[in-house]
Structure formats: structure tokens, C-alpha cells
Amino acid sequence: MKALIFEGPNIINFKNVNTPKLQDGDILVEVKACLICGTDIRIYRGKKTKGVRIPSILGHEFSGVIVDTGGKIDGFKVGDAVSVAPVIPCLACYSCRHGYENLCLNRTAIGYEYDGAFAEYVRIPKVAVETGNVYHISAEVPFEYIAFAEPIACCINGQRNSPIKLGDVVVIIGAGPIGLIHMLLAKASGARTVIVSEPNEIRRNLAKELGADIVVDPRIEKLNDIVMDYTKGIGADVVIMAIGISSLVNQTIDLVRKGGTINLFAGFSIGDMSPVDVNKIHYNEIKIVGTSASTRKDHQLALNLIQNKRIDVSKLISHRYSLDNAVEAFNKAESGECMKVAIIP
Ligand SMILES: [Zn+2]
Ligand SMILES: [Zn+2]
């Protein structure tokens with residue numbers, strides 16, 4: 001089969017490799033769409049290494065059709081259209097037993113420990129099938145929309161950590177695909193006002209088009225002044241960092257109200273440090289939370305929201321590439337001159 005092989009930092013190559021061999025209980029999915037995630041780019045650039053094998057096939061935001069199974073599998077058959085939650089929890093460790101399966105201590109994932117979906121076919125291992133990571137999907141919804149289930153699930157998990165309530169004022173730093181998904185979810189949760197800060201004009205315009213109430217160009221406008229004017233000096237209820245720049249973290253403390261929550265949603269690189277004003281965190285009772293991956297429950301909810309058109313992802317895909325142009329697709333995705341980039345094998 002054709003696949004994109006990650007062969008080390010800054011090296012990805014389009015190659016012909018053996019189609020995965022199935023073992024008993026496995027499923028083979030023909031990939032119909034796989035989105036490039038910010039994490040894939042960080043792996044490509046050597047900024048994320050945990051769970052990543054060399055060589056391997058990346059790609060964890062995907063959907064497709066079952067084309068083969070290792071024996072008879074209850075509930076699934078050849079021809080079924082499916083979505084797959086990539087994180088496979090062990091269900092037995094401390095985190096799994098306490099309701100945090102996204103933080104599973106023995107966690108494995110498709111696109112990391114198992115080869116991912118920047119390929120014609122992806123093998124879904126028996127353990128993922130048995131754990132309930134495979135979901136039937138509606139044939140009426142485009143596969144590339146279904147592929148958004150993973151990033152939306154991660155944003156749902158993030159918003160559980162920094163809950164948005166009816167009437168809240170929310171600030172989102174960064175209007176890439178993740179920032180915009182957060183904006184759509186915040187609106188769906190009943191946020192009164194969503195303020196989006198983004199230096200890139202194309203992204204700012206799309207944020208506006210998709211429903212952002214206020215968009216800010218941080219290069220020429222003072223985000224802090226705008227938030228404080230709007231909230232009459234109170235500050236936002238929730239601030240979501242949808243961009244992994246650690247030097248920006250301290251500024252978010254001045255955007256949030258007393259008792260408010262800051263979510264460091266986007267990933268940072270290992271060892272990234274940032275001085276923060278601990279005095280303000282203490283006296284203002286500010287909560288700073290992180291977010292990692294998602295649970296199977298989040299994945300199901302994300303699929304429901306996509307399939308019921310509660311979250312419209314149609315405008316979030318800006319570019320589509322075939323597998324043999326995937327290297328170009330990665331460079332495009334990294335350039336920031338785009339939203340989500342989809343690989344359509
Ligand atoms: Zn992702
Ligand atoms: Zn576990």
C-alpha cells in the first residue's frame with residue numbers, strides 16, 4: 001500500500017509498504033480522510049517524541065471503511081463506515097479506574113505506538129476493537145467531517161476542564177483549527193461573548209465568519225484593554241490558549257477574572273518554561289488547567305455533534321492533498337496559511 005513514513009525529525013517520505021497483516025480480532029480500515037494535526041507537525045519537527053516510533057506511520061484523525069477483519073467480529077463487518085478514537089486506554093490503571101482514561105498510565109494510541117492513517121489502510125488492533133474505540137458512522141456525512149471527531153473530542157475534554165457556562169465571556173488565543181473548534185463549542189455551550197485573538201488575517205476573518213463576537217489583531221491592538229473594556233474591568237470567565245507559546249501564558253493571567261480559569265490547551269515542547277505572576281494566581285484564585293487527549297465518551301459526543309450538524313466543520317478544511325503529495329501537505333499545514341489540511345488517500 002502507499003503510505004507516508006516518518007523516518008526521523010524533518011524526514012517524512014511517501015513509500016510503498018506492505019499492507020498490514022491482520023491478527024485475530026483486528027480490523028483493516030481503508031482510510032477515506034486523515035487530517036494533519038498540530039501534534040503530527042510537532043512530531044515531524046522532532047518537538048514531540050513520546051510514544052513515537054521511527055520509522056512509523058503517523059495520523060490519528062481519520063475515518064474510513066472496513067475492508068477486512070481478522071475472523072468474525074461482533075458488531076463490525078466489511079463495508080461498515082467507521083470512526084476510530086485513537087487513544088486506547090488500558091481500563092485497569094489508576095487513571096482509568098478514576099475516570100481519566102485519556103491520562104491512562106499504560107496508554108497506547110493509533111498514530112503513535114500503532115501505525116496511523118497517513119496511508120491507504122490502517123490496522124485497528126484487537127485491543128482497540130474490544131475496548132470500544134471503533135464507532136459506526138452515518139453514511140450521509142462526508143468522511144472528512146467525521147475525521148474531526150478526534151480534535152473536537154480533545155476540545156470537549158478541554159472544556160470539561162475549564163467549563164463554559166451560559167452567559168460566560170470567553171477569550172481564545174489563536175484561531176487555528178483548534179481555536180475555532182473551541183469557539184464553536186463555547187458558542188454551543190451558551191457563551192455570551194467569544195473574543196478571539198489571532199495575528200493572521202485570514203484566520204481572523206474566518207473566526208468572525210464562524211461566529212466570533214470580537215476578533216483582535218494582537219500585533220496592533222491591546223487584547224488586555226479590549227477584554228477589560230468589554231467586561232467593565234472584571235475580566236473573562238475562561239481563557240483558552242489554543243497556541244503553544246509559553247511566553248504568552250503570563251499575559252493570560254491579566255485577561256481572566258478573579259476565580260476564572262485559564263486552559264493551557266495547546267501542547268508545548270518538553271522543557272518549555274514560563275515565568276508566571278504567582279501573586280496574582282494566589283490572590284485572584286485563578287485556576288490554570290491543562291488538557292491532554294480525550295476519552296471514548298468525548299469521541300462519541302464529538303461524533304454526535306458533527307453528525308447532528310451542531311458543530312459545522314465544513315469551513316475548517318482549507319486544503320486537500322492526495323497521499324503522494326503529503327510532504328507538501330505537511331509543509332502547507334505548518335505554514336499557517338491554512339486551516340485544517342486533509343489527506344485524502
Ligand atoms: Zn490530533
Ligand atoms: Zn489505564
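The values are calculated or read from the model by the stated rules, or taken from the named source; none is laboratory data. Given the structure is predicted, the values throughout are model-derived calculations rather than measurements. Note: ideal-geometry Cβ built from the backbone for every residue, glycine included; neighbour counts use all protein chains shown.
For this structure, a couple of remarks:
- Looking only at residues of segment 311-343 that are closer than 18 Å to Ile178 by Cβ and assigned to a loop (DSSP other than H, G, I, E, B), we find that the one that is farthest from the chain's Cα centre (by Cα) is Glu337.
- Gly271 falls short on exactly one of the conditions (1) at positive phi; (2) at pLDDT 95 or above, and that condition is (2).
- Residue match in segment 248-255 (condition: closer than 23 Å to Lys48 by Cα and either within 23 Å of the chain's Cα centre (by Cα) or acidic (Asp, Glu) (or both)): yes
- Pairs meeting the criteria (first residue in segment 196-210 and of a type in the set (Val, Ile, Thr), second residue assigned to a strand (DSSP E or B), beta carbons under 8 Å, at least 6 apart or on different chains) are Val196/Val171; Val196/Ile172; Val196/Ile214; Val196/Val215; Val196/Val216.
- Scanning segment 78-113 for residues that are more than 16 Å from ligand 2 (Cβ to nearest atom) and either surrounded by fewer than 23 Cβ atoms within 10 Å (Cβ to Cβ) or aromatic (Phe, Trp, Tyr) (or both) gives Val78, Gly79, Asp80, Ala81, Val82.
- Restricting segment 45-76 to residues that are among the small types (Gly, Ala, Ser) and away from ligand 2 (no atom under 16 Å from the Cβ), the residue that is farthest from the chain's Cα centre (by Cα): Gly71
- Only residues that are within 16 Å of ligand 1 (Cβ to nearest atom) and either of a type outside the set (S, T, N, Q) or not assigned by TED's automatic domain parsing to the domain that holds Val141 (or both) were counted across segment 74-102, and they come to 5.
- Residue pairs whose Cβ atoms lie under 8 Å apart, separated by 6 or more positions or on different chains, with the first residue in segment 29-48 and at positive phi and not assigned by TED's automatic domain parsing to the domain that holds Ser269 and the second within 16 Å of ligand 2 (Cβ to nearest atom) and not in a helix (DSSP H, G or I), do not occur.
- Flag if Lys21 is surrounded by fewer than 19 Cβ atoms within 10 Å (Cβ to Cβ) and more than 16 Å from ligand 2 (Cβ to nearest atom): yes
- Hey, Phe6 under 22 Å from Lys332 (Cα atoms), under 23 Å from the mean Cα position of the chain (by Cα) and not assigned by TED's automatic domain parsing to the domain that holds Ile270 or not: yes
- Residue that is nearest to ligand 1 (Cβ to nearest atom), among those in segment 5-49 that are among the aliphatic types (A, V, I, L, M) and touching a Lys or Arg at 6+ places or on another chain (Cβ under 7 Å): Leu35
- The residues of segment 280-293 that are in a strand (DSSP E or B) and aliphatic (A, V, I, L, M), listed by number, are Ile288, Val289.
- Being in contact (Cβ under 8 Å) with a residue 40 or more places away in the chain, of a type outside the set (Lys, Arg) and touching a Pro at 6+ places or on another chain (Cβ under 8 Å) holds for only one residue in Ile137, Ile181, Ile172, Ile73, and it is Ile181.
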